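None of the figures in this text is laboratory data; all of them are computed from the coordinates on show. What you are looking at is a predicted structure, and each value in this text was computed from that prediction instead of being measured. With ideal geometry, Cβ positions are generated from the backbone for all residues, glycine too; neighbour counts draw on all protein chains shown.
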Amino acid sequence: MVLSTSISQLFFLGGPFQMILLTILLATVFFAAWKAPRWVDDIGGIALGFSVLFSAFNFARAAGVVIECNGEIHPSVVWGGLRCTAILLAYGLIIFIISRLIHMIQKPRI
């Protein structure tokens, strides 16, 4: 169950390279909020785009494994792969939402 999994386990389930890159983008969102507020929204969109791209790569890798096994793969393995892909998508979406909230807070009022 995902709720009983710690944050560090989720981090490594999502893939260390992908999660590190998304975390760097999250830190960049906060830095941009301080130094370059106009970039906050763009960086959030880039993070969401990267998470979708990484998820597509993971789906392609999973499909390759299923094809290599000639369809003889246990459903728990497939669902485990989908879980890892969902972690990437959720993290990218969280970064995007944070960037939109920061952008909305910093937006000048009319």
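If R0 equals 30 Å, the separation of the Cβ atoms of residue 93 and residue 35 corresponds to a calculated FRET efficiency of about 0.75.
Relative to the longest principal axis of the Cα atoms of the chain, the long axis of helix 75-106 makes an angle of roughly 0 degrees. On a per residue basis, the convex hull of the C-alpha atoms belonging to the chain measures out at 108 Å³. Computed from Cα atoms, the angle from the helix 16-35 axis to the main principal axis of the chain rounds to 10 degrees.
Quick note on segment 56-97: its Rg to Rh ratio, both from C-alpha atoms and Rh being the Kirkwood radius, is 1.10.
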